[in-house]
Structures are given as C-alpha cells and as structure tokens.
Amino acid sequence: MSRHDQVRAIQWTGDHLRLLDQRRLPTEVTYLEFEDATGVASAIADMVVRGAPAIGITAAYAVALAARQRYRESAVEWQALLEADLQVLAASRPTAVNLFWALELMRECLAGVDNDPFDALLQEARRIHDEDIAANYRMGELGGSLIDARKVLTHCNTGSLATGGYGTALGVIRNAYTRGVIELVYADETRPWLQGSRLTAWELVHDEIPVTLICEGAAASLMHRGDLGWVIVGADRVAANGDVANKIGTYSLAVNARHHGVKFMVVAPSSTLDVQTACGDDIPVEMRPAGEICEFQGRMLTEKAATAWNPAFDVTPAQLVDVLVTEKGVIWQPDAAKIAAHLRN
Ligand code: MRU
C-alpha cells in the first residue's frame, strides 16, 4: 500500500467484519465488529460506513455472515432465513446502486451452492472488494492523466473510506498529485454530514496532500477567481443516459462549473452504472431526517417549528458532465449511446 492510500475502512478479520466508524472521524479512529446482517444493515443506514462502493462491499460481506449464521441455525431452512436478511440489507439505503449490484452478485453465487454456502460467499465478497480496489487504481490512472490544473475541487468523500480502498474521485486526485500535477485540493465541507471536512480532509492530511476546506456556498466565488481547473466527484448511481446521482450539492457545482468554464469529471466504477434506470428522474433519492439539518451534536440550530427538506443526493444532468471515468475507460460528454457501447467493451 502506497503512502497515498493508507486506510481500509472495511476489513475481514478472518472470522467477522470490522468497519471503521466514520461517524467518529476525524477525532476518533474506532472500529466496530459485526457478525450478522441486521447489524450491518443498521451500520449502513446509520452511516458507520458510507459511499456507494463501500456500501456494496460491506453488504456483500454481510451476506456471507448471514449465510453462516442461518446455516448454523438450520441446515434445512437457512435459505428462507437468508432471504429475509437480503431484504433487510436491500432496504438499508436506496440510492447507491452498488448495494443492489453487490446483492445480485451474492444471489448469483448463492444459486450455485446447495450445502454450506459460507466459503463460496466469503470468497465472492473478497473478490468484489479486491476488484473495487483494482478498479480504483485504474480509474486513478485514467482520470489522473486528464488533469491539467494545479487546483481542483472535490465534494463529499470519495476516497478509501467510501470504497474498498484508494477511492474514485479521490483516487484520480491521488494519482495526479503523486505525479506532481495537482498542488492543492479544495474540499467542500459537504453539509449536513460533513463528509468533506471530516473525512476527505482527514484522508488528504494523512496522505500529506494539501487541502483547503470551503463551504459549498463558496464554490462559485472560487471558480470566479479563475484558478480552479477541475471539479472531480464520485457517483452513487449513473443512469443509462449519463445523468449522475451524487451527494447533494453536486448539481450546483456542475452548473457553476459550466458557467465558469471549469471542467467537471465524474469518477465511478462500472458497478455504479445502472442501465436499468433510464434517466436521473427515475433514480430513487434518499430523504434523510430533518434533524440532520436542524440539530448539530444534539443542539437545536433552529426554531423547533421550522421544517427542513433533506435529500441526501441530487441528480446532475449528463449534459453538464464533461467526462465520465470508469475502470473500463473514459467517456467524454456521456450519453446513452456512449454508455451502452462503453459497457459492451
Ligand atoms: O451519503 P454518503 O456519504 O454515502 O454519500 C456518498 C457520496 O455521495 C459519494 O460522493 C459517492 O458515493 C461516491 S463514493 C466513491
């Protein structure tokens, strides 16, 4: 593992699953241990682990854990019991398609075994995990080679914490920094969970990559100054036509980037491309509790009677995306035909 990639948020201990509790970063580095699917589903819903690829990988390990538990409970009825666990995992978060993609792969693996399924499922989860890391390194090279600016802006957290390791958009940034192209990364703080200030800044500081935090509202002014070359973000789901669901605030960045002539890159493994969903309007956007906006660390930030609208994601139209990078290659000005051809390769 290189210096620019020192974190593994999802760990298989040899016996059970260990997750870095991302809610406690940056002040505490604490790991939580899991032996069943219900606990893992709650951990996904409660943001112990987050980020589309990381959610998928975690769910895959959870299926292996659930299969072991259910087979021990009943070598006759384990399949029915396991089906309920799969449903609980599928209900944990709705937008990141990697969750459903990983559960489908685990189902396919399951279909090939009729006795104790644990070993086969664990092997499949490990394969999903390893392939995600490999895809991230490849995307880092592909996307990194396109970066031609000293200063870039990223949103939310797309690094080792959000993936199997290394990261999607942050992988591109790591690659371009290591090659001496990027000298400064601006990180949106990313309200309301502050993935930018708590997680992205934490990863970059540990990698010794210079990082400057901004409030989302500062992005347009930063672009107006003229020294920002690229906005580089990840994705939770890319529809068949190239519309991109990502952390709330991404759409504003894309509009602002186009207005100011700043290029906009989306970096996501092919597991995030969802050709079953025709366009962005069909992507289910998770609504999260008002308390995430109205309260901070248990303290009310507003009058009790005020309500809040708190979508966790927004959809950036494909027309605002200059380039989409997957591990399979690069798509300039993505659209339905280019994405279909890309996935056939
Ligand atoms: O709500 P989160 O923290 O799970 O949202 C994560 C994001 O939106 C990331 O930007 C996206 O998943 C890409 S992660 C490689």
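Each reported figure results from applying straightforward, stated rules to the coordinates on display, with no laboratory input. Here the structure is a predicted model, which means the values were calculated and not measured. Every residue, glycine as well, gets a Cβ built from its backbone with ideal geometry; the counts of neighbours run over all protein chains shown.
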*Would you mind working out the magnitude of the charge dipole of segment 175-288 relative to its Cα centre, with +1 at each Lys and Arg C-beta and -1 at each Asp and Glu C-beta, to the nearest 20 Debye?*
180
*asked:* Taking θ = phi - 60°, what integer Hz values does the Karplus form 6.51 cos²θ - 1.76 cosθ + 1.60 yield along segment 10-24, in sequence order, with x for Gly and Pro?
replied: 10, 10, 8, 7, x, 9, 8, 9, 10, 10, 5, 6, 6, 5, 9
*Pop a pseudo-label 7 angstrom from the Cα along the beta-carbon direction at both THR38 and GLU104 and give the gap in nm to one decimal.*
2.9
*First check a/c for segment 138-344, with a ≥ b ≥ c the square roots of the eigenvalues of its C-alpha gyration tensor; if it is under 1.5, answer rounded, and if not, answer prolate when a/b is larger than b/c or oblate otherwise.*
oblate
*Beta bridge orientation in the chain: antiparallel %, DSSP, nearest 5*: 50
*Step through the residues of segment 56-66 one at a time and calculate ³J(HN,Hα) from phi using the Karplus curve (6.51 cos²θ - 1.76 cosθ + 1.60, θ = phi - 60°), rounding each to whole Hz and writing x for Gly and Pro.*
x, 4, 4, 5, 4, 4, 5, 5, 4, 4, 5
*Give, rounded to the nearest 20 debye, the magnitude of the charge dipole that the chain has about its Cα centre when Lys and Arg contribute +1 at Cβ and Asp and Glu contribute -1 at Cβ.*
920
*Nearest-5 percent of antiparallel DSSP beta bridges in segment 193-293?*
25
*Compare the peptides 180-191, 215-226, 237-248, 277-288 by average per-residue count of other Cβ atoms within 10 angstrom and give them in order, highest first.*
237-248, 180-191, 277-288, 215-226
*asked:* Between THR30 and SER145, what is the label-point separation in nm under the 7 Å Cα-to-beta-carbon projection?
replied: 4.4
*Rank-order 89-95, 258-264 by packing density, defined as the average count of other C-beta atoms within 10 Å over each peptide's residues, highest first.*
89-95, 258-264
